[in-house]
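Notes to accompany the following structure.
Just so you know, all these numbers are worked out from the coordinates, no wet-lab data involved. Worth saying up front: this structure is predicted, and the values here are computed from it rather than measured. Using ideal geometry, Cβ is built from the backbone for each residue, glycine included, and neighbour counts are taken over all protein chains shown.
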Amino acid sequence: MLKLFNSLSRKLEEFKPIKPKEVGLYTCGPTVYNYAHIGNLRTYLFEDFLRRILVYNGFKVNHVMNMTDVGHLSGDQDFGEDKMEKEGGDAAEIMTLAKKYTDAFLADIDKLNILRADVIAPATGNIVEQVELIKTLLEKRFAYETELAIYFDVARLADYPKLTNQKLSDMKVAARSDVIIDQNKKHPADFALWFKLAGRYKNHILRWPSPWGDGFPGWHIECSAMSRKYLGQPFDIHTGGVDHLFPHHPNEIAQSEAAFGVPLANYWLHGEHLLINDGRMAKSEGNFITLQTLIDREFNPLAFRYLALTTHYRSRLNWTWESLLGAKNALYNLYAQISVLEMAAGGAKEFEQAFEEAINDDLNTAQALAVVWDLIHSEEESSAKLASLLKFDQVLGLKFKEAWIAGRDIPAAIKQLVIEREGARAAKDFQKADELRRQIEAAGFTLEDTIDGWRLKKKF
Ligand code: AMP
Ligand code: ZN
């Protein structure tokens, strides 16, 4: 039985899909005005673990992800600059920038072995659906128009905002110098569905026609419109990082539920942040590290995947280079152990059960890794070990099969020396590691440490 922590009820719940054996999964995608940082990527890794665990449980997953390429303002609310327009340029240049960062994002997730969503769609490709949704909200009087924008009328919903402990009566818009409050808003928490080309956004470059004149959509409306278009309403699971607990997700819920009178999604899962020096890693803080920086320092991207697996998705993870190094050593050690296993056959049932219990306990990937290591060190048959490990890798995504294939043509005695050397390196006994390397070389092999682990070649 798969249990998930639902942010709506703040409880662990048994997962029950709407349709038997099928799951609709919606993931808020990146705002493509810059490279994704490894904090963002931690969230996409958690969502990948979730998706793979659903598949492991026999569900067919229909996964949808948006790309935010308009309307996400620097304040996350109704103030500040459109993040996409900060760099300047005309509409074509802004869209070229969006394409560049979308491609970079997709390349990053491929390197991390994150499965691409079945539908990956940009907000700017779905403006018609967003306009239609705003029309419905106006018709049903959940929205109103001022000279500057169309707003959602939060006071019309008894339970706004969902997912957060904040109360509507306590909510005030922060008194910051760059906050331009529309004096005609009915409530400070009312949020924009559509910005007109007026006031601060008079010269906004990205613009589309609408019944309220040319303008552009707010950030939240894209996800309401696109999730409904591709998954229907309600759908099963909606995910994002914890910063979406307010305002983005409560606003999505408000829009969709007000317009159609049914829940938007049944389960809401939120991943905790990656921290750097005890603060959130954020593009806007300028304290971020990209996957490319890790690669430039000769780290295999899968070492970062391993690191993400070691910490539960609902716990914060403090970024350090040392912890990445530890993850890399553990991963390479694992690869070395896997490379000596016999052809896969059968399976280690007890360990498979323990693995399943771990992943189905709200994605306890750290415990799942512990099961992997217990299996490696167990007395199980070599072929059974390999069979189970390859099965586990459907969830872990650490490319065990490649590690095994890489070691296939190497004599067992040499592989044993490599394992011992990995062990010595992990224990920081570099003298012993060097001595083992000499033995390997003396036996006629060259050992190279590469970004993907180690590579052994026969000397000729
Ligand atoms: P953005 O590109 O800012 O829209 O964010 C993309 C995703 O990354 C969202 O799901 C955010 O919740 C998530 N996110 C942003 N900062 C962090 C962080 N420091 N750690 C983990 N996830 C984050
Ligand atoms: Zn969203």
Considering just Cα atoms, how many Å³ per residue does the convex hull of region 3-127 enclose? 133 Å³
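Just round it to a whole percent: the fraction of Cα-Cα distances in region 20-79 exceeding 20 Å. All intermediate terms of the calculation are to be shown ahead of the outcome.
Working: 695 of 1770 pairs.
In whole percent, the share of Cα-Cα pairs in region 20-79 beyond 20 Å is 39.
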Please name whichever of THR310, ALA345, ILE359 sits farthest to the positive end of the charge dipole of region 276-408, dipole taken about the Cα centre and charges placed at Cβ: Lys and Arg +1, Asp and Glu -1. THR310
To the nearest 20 debye, what charge dipole does the chain have about its Cα centre, counting +1 at the Cβ of each Lys and Arg and -1 at the Cβ of each Asp and Glu? 160 debye
What are the ³J(HN,Hα) couplings of region 89-101, residue after residue, when phi is run through the Karplus curve with 6.51, -1.76, 1.60 and θ = phi - 60°? Round to Hz, x for glycine and proline. x, 8, 4, 5, 5, 5, 5, 5, 5, 4, 5, 4, 6
Given the chain, what percent of its DSSP beta bridges are antiparallel, to the nearest 5? 50 percent
Go ahead and estimate [θ] at 222 nm for the chain from helices alone: -39,500 (n - 2.57) per DSSP H run with n ≥ 4, summed, over the residue count, rounded to 500. -13000 deg cm²/dmol
Could you estimate the translational diffusion coefficient of region 215-273 from the Stokes-Einstein equation, with Rh from the Kirkwood formula over C-alpha pairs, at 4 °C and 1.567 mPa s, in whole µm²/s? 111 µm²/s
Rounded to the nearest 20 debye, dipole of region 412-458 from Cβ charges on Lys, Arg, Asp, Glu: 120 debye
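Report the calculated FRET efficiency for ASN287 and ARG455 (r = Cβ-Cβ distance, R0 = 45 Å), to the nearest 0.05.
Working from the Cβ atoms, E equals 0.80.
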Where does the chain land on the Kirkwood hydrodynamic radius, alpha-carbon pairs, in angstrom? 24.1 Å
Grab the eigenvalues of the alpha-carbon gyration tensor for region 192-330, scale each by 5, take roots, and send me the semi-axes largest first in whole angstrom. 36, 21, 13
Farthest toward positive dipole pole in the chain [+1 Lys/Arg, -1 Asp/Glu at C-beta], among ALA424, PHE5, PHE400: PHE400
Coarse-grained scattering of region 332-442 at q = 0.22 Å⁻¹, given as base-10 log I(q)/I(0) from a Debye sum over alpha-carbon atoms: -1.17
Enter the mean projected area of the convex hull around the alpha-carbon atoms of region 77-151, in nm², rounded to one decimal. 7.4 nm²
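Evaluate the Kirkwood expression for the hydrodynamic radius of region 412-458, namely the inverse of the mean inverse distance over all pairs of different C-alpha atoms, and round to one decimal in Å.
That comes to 10.6 Å for region 412-458.
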